[in-house]
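Quick notes on the structure that follows.
Computed from the coordinates by the stated procedures, all read-outs in this text should not be read as laboratory data. Quantities reported herein were computed from a predicted structural model and do not represent experimental measurements. Quick reminder, even Gly has a Cβ in these numbers, built from the backbone with ideal geometry, and neighbours come from all protein chains shown.
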Amino acid sequence: TGAAVGAATGAHLIVVPSVSRRDGQWNVRLLLQRDTTTVHEVQAQAADAIVAARRASDRLLAQLDRQPTGTEAADLPLDELLSRADAALFTDDLDGARNLLEQAPPALRERPELRLRLAQIAFRGGHFEDAATRLQALLHEVGAEAEPVLRGRILNGIGATAVRQNQLAVAGRAFAEAVTLLETRQQPAALGQAYMGLAISAAAQGDYGAAQGNFSRARVALELAGDGLALARVEENEGIMLAKRGHLAEALAAHETAARSFERFGALNELVDTLGNAAGTQLALLQPSAALATVQRALPLLERLENRNARHGLQVEQVAALIQNGQLGQAQALLTQLFGEIGRGGDPITPRLQLEQARLDFDRGNYADAAQLAQSASDAFDDADSRLERSWSWLLLTQALRAQQRDGEADQQTARFAAWASVDAQPPMQEFAELARAEQAWALHDLPAAHKAYEAALASAAQHDMPAATARIVVSYGNRLLATGELDRAGSVVGQVARWAGQDFRCALLQLRYYHALGETDAWRSALARVQALAGERAIALQLLQPPAAARKPIGRP
């Protein structure tokens, strides 16, 4: 064992190898241990044991920022050249991988295997149109009868690129054809990738049953292949799906498990994406300080990241985390920077930036700007995979219109929102549609209808593990009850966010208002301390900073 070798030699860094063979494929796994703790892990598969061992060794050297010694790249045979390029690609050294392949002799540069790697490099760098062009050219040249395995891998690449371009029907067809080609070829790693692609495509279209079945098939194939990195990708994608379905605690656990694996494997793109997803899930769980810490863990990695899509994905989560932690100046500066980099449209991340800017504008009283941005974001979030984001945007749109006293437009948008949310609803579509209906009814002084809609929203939210959505409803309802002096009713509502008042500003502020309205000085003082600790740059109403009047009649406490 590594511990025994270390004890016998005094070495602090030990490489612990393991080799297995299944279905004609050799799997070589290398663990780099420091004082018995695994700090890096690499795996490689090939039909030839020596080739698999060389690939694994090259990947480990790449993890350590070392280059294989020996023959110059221009003189390498194709298999070894691809092995070195894969090692560089494995650690997201895209320039290194690209340079290696470009040094190959002209005859080798025309080989489809090498051209496939160049397409994969383009994909990893976020250059999806370039990747798609290269892959389609290859597909026309590589036939299903002559080279079914290579064609299957090309189709996997086409499917992955189509997913990133939101061409889900194209992706589904490509992955389905890949499964047909690979399922009898004893290529479990490539087959597992195809099943995972089918699962991702189905989940993005809201077909979670089909997605779960294909994730399970992918796990079986990738376990047979011994491909730990690909299994971590399955874990992460299942986490994304769990979050979309409202199972946030399970989703966060999946993100954290996947992140540990990606860190151990040195998979930079995947690690950045996963930490961004984990931060977003923590925000949905009303854990803003934890979310910001997760983002800050990933920020140093951006210097080594060529893929601007992954970089922007993390940065938009950084914006959201900064806002939720009250660091509004930094959030606005980053938003301005990102809008400057990508413009005001045409980039996949634009709707998320518009939503975050709309939130800032609304809280600052810039209601017209907030409404315009929320409208643009809501219109852009028009696919099944963006229903959560569209729900937040549409709700904010109704609020911004109402704040400008554009009541007719607010009523129309509320009705449209409700009609959309009633079809194939997933959380928090119905909850937020009911909330919009409740707020509109309250604005029109139809209090019975407002109470009914609020209670319906809370009842629906209670069926899901989505604290941010539940808190949004409670804060809205609780503030209106306090404004009308309905303290008895407010007590049972405000109490529903007590468990989050120590970590979320809006929940803490609602609790402060409640205790101030009650005239409970000791409870008000404790609540004020929580609010001030969480406020950051957010304002606290002057009246709430003053001790309350004498206590009112005792009622239930939240």
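Overview of values
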| quantity | calculated |
| --- | --- |
| Options Asn309, Thr414, Ala88, ranked by Cα towards positive dipole end of the chain, top entry (Cβ charges) | Thr414 |
| The chain: angle of helix 447-461 to the longest principal axis, Cα-based, in degrees nearest 10 | 30 degrees |
| Total charge dipole magnitude, the chain, about the Cα centre, Cβ charges on Lys, Arg, Asp, Glu only, Debye to nearest 20 | 1160 debye |
| Cα-only Debye scattering, region 460-555: base-10 log of I(q)/I(0) at q = 0.12 Å⁻¹ | -0.35 |
| C-alpha center-to-center spacing [region 388-442, region 123-188] in angstrom | 40 Å |
| Directionally averaged shadow of the chain, computed from the convex hull of its alpha-carbon atoms, nm² | 28.9 nm² |
| Order of Met196, Met429 - criterion: other Cβ atoms within 10 Å of each residue's Cβ, fewest first | Met429, Met196 |
| Global form of region 289-410, assessed from the alpha-carbon gyration tensor, a/c cut-off 1.5 | prolate |
| Total charge dipole magnitude, region 186-279, about the Cα centre, Cβ charges on Lys, Arg, Asp, Glu only, Debye to nearest 20 | 140 debye |
| Paramagnetic reach from Asp407 in region 334-371 [backbone N under 17 Å; point 7 Å along Cα→Cβ] | none |
| Arg297-Ala333 FRET efficiency (beta carbon distance; Förster radius 25 Å; 0.05 resolution) | 0.75 |
| Charge dipole (the chain, unit charges on Cβ, about Cα centre) - positive-most of Ala174, Phe262, Phe432 | Phe432 |
| Of Ala403, Ile121, Leu518, farthest towards positive along the dipole that unit charges on Lys, Arg, Asp, Glu beta carbons give the chain | Leu518 |
| Tilt relative to the chain, helix 128-141 - C-alpha long axis, 0 to 90 degrees, to 10 | 40 degrees |
| Relative exposure of Thr257, Thr91, judged by other C-beta atoms within 10 Å (fewest first) | Thr257, Thr91 |
| Principal-axis tilt of helix 78-90 within the chain, Cα atoms, nearest 10 degrees | 20 degrees |
| Size of electric dipole in region 316-453: Cβ of Lys, Arg +1 and of Asp, Glu -1, about Cα centre, debye, nearest 20 | 260 debye |
| Relative contact order of region 364-433, pairs being alpha-carbon contacts under 8 Å that are 6 or more residues apart, as % | 32 percent |
| Relative contact order of the chain, defined on C-alpha pairs under 8 angstrom at six or more residues apart (%) | 8 percent |
